[in-house]
Amino acid sequence: MSRAKERRTVRERDHTGTDTSLTKALTPTQMKRLEKALRRMGEEEEKIMTIKTEIGSDIAQLTRICFRFFAPVYDRHMEKTGHYRALREALDAFIIKRQIAGSLLDVSCGTGEALLHVSDFLNSLKIDVTANDFTPEMLDIAKLKLAGFLRNVTFTSSDIRTLPSEVQYETVLCSYSMHDMPSPKDGPIQRMVAAVKLGGRLVSIEEWPCAVTNSEHLTTAVQSLLRLSETPIERTMLRALYEKYGLEHVEDGSFKIDDNHFLYGTVYGKKG
Ligand SMILES: C[S@@+](CC[C@H](N)C(=O)[O-])C[C@H]1O[C@@H](n2cnc3c(N)ncnc32)[C@H](O)[C@@H]1O
């Protein structure tokens, strides 16, 4: 690496080791909306200050805060609203009906529902699974749910934007997560593509249009936090990014969530 490039790389990392070229701060309006939502949730001023400090200049940390509050009701909400039914259909089509081998990374496994659904299949093929998510409260639920069901599983808590580049997998799965990552989406997409072995596959499962749906499980305050942290990305834009960073489109399909929106799944391949 040249001296100039090395200096720039060092400058782009702050004291916490975060690559600041991948981070973006909340605008003052977003900050006000965040404070309002937290007050509606009954959080005390001191706690609100702590959360604001936690987010700092990285809007992606807001996602982590959101899922901290969403985690206890996430499964019930996703089941009630039809999201999980559609997810299971997509997994049947793109994981279970496909020949896969070796290793699989679920980059943002949430509470582990996708892995739970395909656990018998993964066990039967002796697939080495990595279940990753950067929200501890979501990952803790995944650990509980998958215990005794998924045999070869390792849990990790990396931020997708800093996934270790030296580890690669035959299959990388990303479900219901791209809208939770701030734009530009290039950073996480590049990392996910780098995590796919040559000859491997990436399975992308996302909803469109992206909407925060109602259920009795989700309070309006958590809904407003979700709206604040989401940056939806349209199907063709997402495909263009995966292709830009080296994947080839293999197949796709859509699955109804409800009368207003769909889950769309796309399989990409990485050619040698
Ligand atoms: C809507 S949930 C989807 C969870 C699961 N994949 C599913 O299908 O139910 C989005 C998940 O992405 C995780 N996430 C968002 N941004 C992330 C990042 N930069 N690194 C790691 N995980 C992230 C969140 O913590 C959350 O658990």
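Throughout, read-outs are computed from the coordinates displayed, never taken from laboratory work. Given the structure is predicted, the values throughout are model-derived calculations rather than measurements. Cβ coordinates were reconstructed from backbone atoms using ideal geometry, including for glycine residues, and neighbour counts include every protein chain displayed.
Largest first and to the nearest Å, give the Cα extent of segment 79-269 along each principal axis.
Its Cα atoms span 42, 39, 30 Å along the three principal axes.
Please return the longest range in the chain lying between exposed loop sites, taking GluC sites (Glu not before Pro), DSSP loop only, at most 14 other beta-carbon atoms within 10 Å, and leaving the sites out.
45-165
Less than 17 Å from a label point 7 Å out along the Cα-to-Cβ axis of D259: which backbone N atoms in segment 63-91 qualify, by residue?
Flagged as within label range: 81-83.
For the chain, set up a Gaussian network in which alpha carbons nearer than 10 Å are linked by springs, and say which option among M31, M192, M78 fluctuates the most.
So, out of M31, M192, M78, the one fluctuating most is M31.
Is segment 29-84 rounded, prolate or oblate when judged by the Cα gyration tensor, a ≥ b ≥ c being the square roots of its eigenvalues, rounded requiring a/c under 1.5 and prolate requiring a/b larger than b/c? Walk me through the intermediate numbers first.
On the way: a/c = 2.44, a/b = 1.86, b/c = 1.31.
Prolate shape, in that a/c is at least 1.5 and a/b is the bigger ratio.
Could you tell me what fraction of 2.2 N^0.38 Å the Cα radius of gyration of segment 130-173 comes to, as a two-decimal ratio?
My calculation over the Cα atoms of segment 130-173 gives 1.21.
Cα-Cα over 32 Å: which of K47/K143; K80/K270; K145/K185; K97/K185?
Values: K47/K143 27 Å; K80/K270 36 Å; K145/K185 30 Å; K97/K185 29 Å.
Exceeds cut-off: K80/K270.
Can you grab the distance from the C-alpha centre of segment 220-270 to the C-alpha centre of segment 155-209, Å, no decimals?
Centre-to-centre distance over Cα atoms comes out at 12 Å.
Quick one: dipole size for the chain, taken about the Cα centre, charges +1 on Lys/Arg Cβ and -1 on Asp/Glu Cβ, in debye to the nearest 20.
Here the size comes out at about 640 debye.
Set Lys and Arg Cβ to +1 and Asp and Glu Cβ to -1, take the dipole of segment 79-269 about its Cα centre, and tell me which of A93, G82, V222 lies farthest positive.
Of the candidates, A93 comes out farthest on the positive side.
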